[in-house]
Amino acid sequence: MSDLTRLTLAEARNGLASKKFSAVELNQAFVAAVARAKSLNAYIVETPDKALEQARASDERIAKGEARPLEGIPLGIKDLYATEGVQTTAASHILEGFVPRYESTVSANLWRDGATMLGKLNLDEFAMGSSNETSFFGPVISPWRRKNSDAKIVPGGSSGGSAAAVAARLCLGATATDTGGSIRQPAAFTGTVGIKPTYGRCSRWGIVAFASSLDQAGPIAQNVRDAAILLRSMAGHDPKDTTSVDAPVPDYEKAVGASVKGKVIGIPKEYRLDGMSAEIAALWDRGVEWLRAAGAEIREISLPHTRHALPAYYIVAPAEASSNLARYDGVRYGLRKTGKDIVDLYELTRAAGFGKEVRRRIMIGTYVLSAGYYDAYYLRAQKIRTLIKRDFDLAYQTGVDAILTPATPSPAFALGEKGAADPVEMYLNDVFTVTVNMAGLPGLVVPAGLSSDGLPLGLQLIGRPFDEETLFALGEAIEEAAPKIALPEPWWA
Amino acid sequence: MSVDLATVRRIAHLARIRVSDEEAPFLQNEINSILDFVEELNAVDVEGVEPMTSVQPMAMKKRVDMVTDGNIVEKILANAPAREDGFFVVPKVIE
């Protein structure tokens with residue numbers, strides 16, 4: 001039998017339906033691939049027994065003609081999603097050993113549709129990072145390498161385990177989350193497809209909270225079709241999340257391959273940053289030409305508050321994080337360091353349990369929310385957020401259907417190369433993605449080419465609220481036109 | 001705006017994170033670097049702009065005020081680092 005891990009999700013689904021192979025065979029192939037890939041450190045916990053047990057149940061359903069949309073499809077789950085009976089850590093020491101007694105809504109939706117679980121994927125601690133180097137369980141190594149080099153490359157973050165696992169064929173798709181670019185930046189760094197849906201499209205219930213007004217769940221997959229298939233199962237209204245939207249979930253796969261003729265694509269001039277690398281500028285220009293050739297109308301637009309999005313994000317996100325992470329107190333779950341009194345217990349537990357980046361962000365958030373500073377920082381940042389969203393609203397009102405931008409300012413970098421001296425250097429990775437979270441919009445990243453040193457580069461499409469379908473159609477048009485990027489061969493196995 | 005060492009200590013206490021004497025100056029530098037980065041926001045004209053309070057324009061959903069869950073003490077305490085007789089255990093809080 002040919003190597004089943006080389007299939008796309010859609011191919012595997014069709015192969016199972018036509019009984020070319022069984023769900024157990026498919027899952028065994030992935031379980032073996034995961035076991036061979038420990039050097040990438042993509043998984044924090046592997047659950048081979050669970051995957052195979054679910055696969056056996058899937059084979060029974062397929063035999064009875066009762067297959068569900070994701071029947072027998074092996075997935076990886078970002079370790080930010082609570083999984084009943086399986087350790088959930090957010091890649092933090094403070095949650096090491098935590099075993100939820102409940103299941104996140106999004107992962108429950110995937111199991112409802114027949115998917116199987118290979119394990120829990122590594123990430124930046126509490127999803128705070130852009131390189132997956134802040135995980136308590138060690139960095140994730142990208143399956144990608146520069147030409148003629150064996151330097152270890154980061155997969156991006158925070159969903160670095162998700163992106164690396166998909167690119168290394170250690171699952172057919174992965175769940176991820178995105179607060180400032182955590183789905184899209186790692187997808188761009190690994191030559192995979194990631195979509196952050198509109199805020200409210202997926203339930204946040206049971207996902208460890210970072211910044212609640214920015215967090216959204218979404219998939220990372222090999223291609224646009226696979227991402228569309230996964231999002232349909234993940235999305236939907238949930239009474240347990242009051243910000244989840246009560247609107248029907250379209251069959252996103254139907255949008256893949258739809259014509260993009262006549263679609264109006266906005267090209268925001270403010271994204272052409274001073275000092276933008278020639279390589280990224282050229283990639284963006286090629287994206288414009290591909291969409292024009294597919295029949296789209298290209299229009300220059302202005303989003304004047306773009307440059308304020310990243311600084312405003314570094315007020316809003318840490319502020320919400322400092323509040324959300326107050327719950328880790330050493331009393332109800334997770335790590336506990338004994339102290340002489342309750343305050344001592346809190347302070348020692350949190351100092352020992354949180355890593356450097358998380359402590360820094362909680363401190364910033366505490367400061368900007370503290371008495372006397374709230375108006376100057378937090379309130380001002382939320383007003384600027386209104387201005388950022390208004391920029392997009394105005395562009396869409398003039399008839400723009402979607403906006404095309406680069407995904408990242410550079411290709412992936414080597415471990416330890418960025419942010420050691422100044423945290424802001426790492427934050428700049430999210431300069432093109434963070435506006436989308438601030439405005440609550442959907443954003444899709446598709447691979448579009450390789451850098452001069454042989455690493456993947458992506459383009460981002462930003463859509464109207466709840467118009468993920470247009471993004472899937474346009475994303476597939478870029479996928480069709482762009483040079484095909486072969487995933488790396490397994491040097492790690 | 002920038003923070004001094006005393007402010008770093010005050011923030012750390014508010015955040016309930018113990019910061020050592022060696023660590024404090026590094027944190028001070030890092031926090032000031034981030035505060036420098038967000039400084040440009042002071043130049044933005046926000047006169048008359050409403051702060052964003054809801055990402056999607058929608059009315060807050062309300063549920064019926066009734067008990068829908070309960071009798072799950074074991075589930076709630078399952079991950080507790082210290083427990084006794086169906087309660088979480090903490091150091092003595094009042095004399």
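The values are calculated or read from the model by the stated rules, or taken from the named source; none is laboratory data. Just so it is clear, the structure is predicted and the values come from calculations on it, not from any experiment. When we count neighbours, we look across all protein chains shown, and the Cβ atoms used for this are built from the backbone with ideal geometry, even at glycine.
Looking only at residues of segment B:23-46 that are outside any helix (DSSP H, G or I) and more than 8 Å from chain A (Cβ to nearest Cβ), we find that the one that is surrounded by the fewest Cβ atoms within 10 Å (Cβ to Cβ) is B:45.
Of all residues in segment A:90-134, those satisfying the criterion of being aliphatic (A, V, I, L, M) and closer than 18 Å to residue A:229 by Cβ are A:106, A:108, A:110, A:115, A:117, A:118.
Does residue A:345 satisfy the condition of being facing chain B (nearest Cβ under 7 Å) and either within 13 Å of residue B:17 (Cα to Cα) or over 24 Å from the mean Cα position of the chain (by Cα) (or both)?
Values: facing chain B (nearest Cβ under 7 Å): yes; either within 13 Å of residue B:17 (Cα to Cα) or over 24 Å from the mean Cα position of the chain (by Cα) (or both): yes.
Considered against the rule, which asks whether it is facing chain B (nearest Cβ under 7 Å) and either within 13 Å of residue B:17 (Cα to Cα) or over 24 Å from the mean Cα position of the chain (by Cα) (or both), residue A:345 comes out as yes.
Assessment of segment A:259-267 against the conditions (surrounded by 13 or more Cβ atoms within 10 Å (Cβ to Cβ) and part of a helix (DSSP H, G or I)) yields no matching residue. Working carefully through the options A:110, A:80, find the one that is of a type in the set (A, V, I, L, M, F, W, C), in contact with a Phe, Trp or Tyr (Cβ under 9 Å, 6 or more places away or on another chain) and either buried (at least 17 other Cβ atoms within 10 Å of the Cβ) or on the phi < 0 side of the Ramachandran plot (or both). Unique residue meeting the criteria: A:80.
If I filter segment B:47-56 for residues that are part of a loop (DSSP other than H, G, I, E, B), among the hydrophobic types (A, V, I, L, M, F, W, C), surrounded by 10 or more Cβ atoms within 10 Å (Cβ to Cβ) and at pLDDT below 90, do I get at least one hit? Can you show your working first?
Of all residues in segment B:47-56, those part of a loop (DSSP other than H, G, I, E, B) come to B:47-56.
Next, only the ones that are among the hydrophobic types (A, V, I, L, M, F, W, C) stay: B:49, B:52, B:55.
Next, only the ones that are surrounded by 10 or more Cβ atoms within 10 Å (Cβ to Cβ) stay: B:49, B:52, B:55.
Then keep just the ones that are at pLDDT below 90; that gives B:55.
Taking every residue of segment B:47-56 in turn, at least one turns out to be part of a loop (DSSP other than H, G, I, E, B), among the hydrophobic types (A, V, I, L, M, F, W, C), surrounded by 10 or more Cβ atoms within 10 Å (Cβ to Cβ) and at pLDDT below 90.
Anything in segment A:3-22 that is in contact (Cβ under 8 Å) with a residue 60 or more places away in the chain and either within 16 Å of residue A:114 (Cβ to Cβ) or not aliphatic (A, V, I, L, M) (or both)? List them, or say none. Once the filter is applied, which keeps residues that are in contact (Cβ under 8 Å) with a residue 60 or more places away in the chain and either within 16 Å of residue A:114 (Cβ to Cβ) or not aliphatic (A, V, I, L, M) (or both), segment A:3-22 yields A:5, A:6, A:8, A:9, A:10, A:12, A:13.
Under the condition of being small (Gly, Ala, Ser) and buried (at least 17 other Cβ atoms within 10 Å of the Cβ), which residue from segment A:410-431 is farthest from the other protein chains (Cβ to nearest Cβ)? Walk me through it before giving the result.
Kept after step one, since they are small (Gly, Ala, Ser), are these residues of segment A:410-431: A:410, A:412, A:414, A:416, A:419-421.
Filter once more, keeping what is buried (at least 17 other Cβ atoms within 10 Å of the Cβ): A:410, A:412, A:419.
On the way: A:410: 19, A:412: 23, A:419: 11 Å.
Step by step, filter segment A:410-431, then rank; the result is A:412.
Rundown of residues vs (1) surrounded by fewer than 17 Cβ atoms within 10 Å (Cβ to Cβ); (2) of a type in the set (Val, Ile, Thr); (3) over 19 Å from residue A:196 (Cα atoms), yes/no style:
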{"residue": "A:437", "(1), (2), (3)": "no, no, no"}
{"residue": "A:455", "(1), (2), (3)": "no, no, yes"}
{"residue": "A:458", "(1), (2), (3)": "no, no, no"}
{"residue": "A:478", "(1), (2), (3)": "no, yes, no"}
{"residue": "A:486", "(1), (2), (3)": "yes, no, yes"}
{"residue": "A:491", "(1), (2), (3)": "yes, no, yes"}
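Applying the criterion of being over 21 Å from the mean Cα position of the chain (by Cα) and touching a residue at least 24 places away in the same chain (Cβ under 8 Å) to the residues of segment A:316-329, the residue that is nearest to residue A:348 (Cα to Cα) is A:328. Can you confirm whether residue A:258 is in contact with a helix residue (DSSP H, G or I) (Cβ under 8 Å, 6 or more places away or on another chain) and closer than 24 Å to residue A:399 by Cβ? Taking the combined requirement at face value, the residue satisfies it. Can you spot a residue in segment A:392-409 that is surrounded by fewer than 17 Cβ atoms within 10 Å (Cβ to Cβ), out of contact with any Gly (no Cβ under 8 Å at 6 or more places or on another chain), part of a helix (DSSP H, G or I) and of a type in the set (S, T, N, Q)? Yes, there is a match, as at least one residue in segment A:392-409 is surrounded by fewer than 17 Cβ atoms within 10 Å (Cβ to Cβ), out of contact with any Gly (no Cβ under 8 Å at 6 or more places or on another chain), part of a helix (DSSP H, G or I) and of a type in the set (S, T, N, Q). Tallying residues that are more than 8 Å from chain A (Cβ to nearest Cβ) and of a type in the set (Asp, Glu) within segment B:47-68 yields 2. Each residue in segment A:7-22 was checked for being under 13 Å from residue A:59 (Cβ atoms) and buried (at least 21 other Cβ atoms within 10 Å of the Cβ), and 1 of them qualify. Listed by first and then second residue, the pairs with beta-carbon distance under 7 Å, at least 6 apart or on different chains, first residue in segment A:23-35 and surrounded by fewer than 23 Cβ atoms within 10 Å (Cβ to Cβ), second among the β-branched types (Val, Ile, Thr) and modelled with pLDDT of 95 or more, are A:29/A:5; A:33/A:5. Just one of the listed residues (B:79, B:71) is facing chain A (nearest Cβ under 9 Å) and either assigned to a helix (DSSP H, G or I) or more than 30 Å from residue A:378 (Cβ to Cβ) (or both), namely B:79. Out of curiosity, is residue A:76 touching a strand residue (DSSP E or B) at 6+ places or on another chain (Cβ under 6 Å) and either within 18 Å of residue A:127 (Cβ to Cβ) or touching a residue at least 24 places away in the same chain (Cβ under 8 Å) (or both)? In short, yes.
If you check residue A:53 against the conditions, is it more than 20 Å from residue A:222 (Cα to Cα) and charged (D, E, K, R)? Judged against the criteria, residue A:53 is a match.
Quick grid of which residues meet (1) over 16 Å from residue A:110 (Cα atoms); (2) in contact with a Ser or Thr (Cβ under 9 Å, 6 or more places away or on another chain); (3) at pLDDT below 95:
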| position | (1), (2), (3) |
| --- | --- |
| A:1 | yes, no, yes |
| A:34 | yes, no, no |
| A:39 | yes, no, no |
| A:63 | yes, no, no |
| A:77 | no, yes, no |
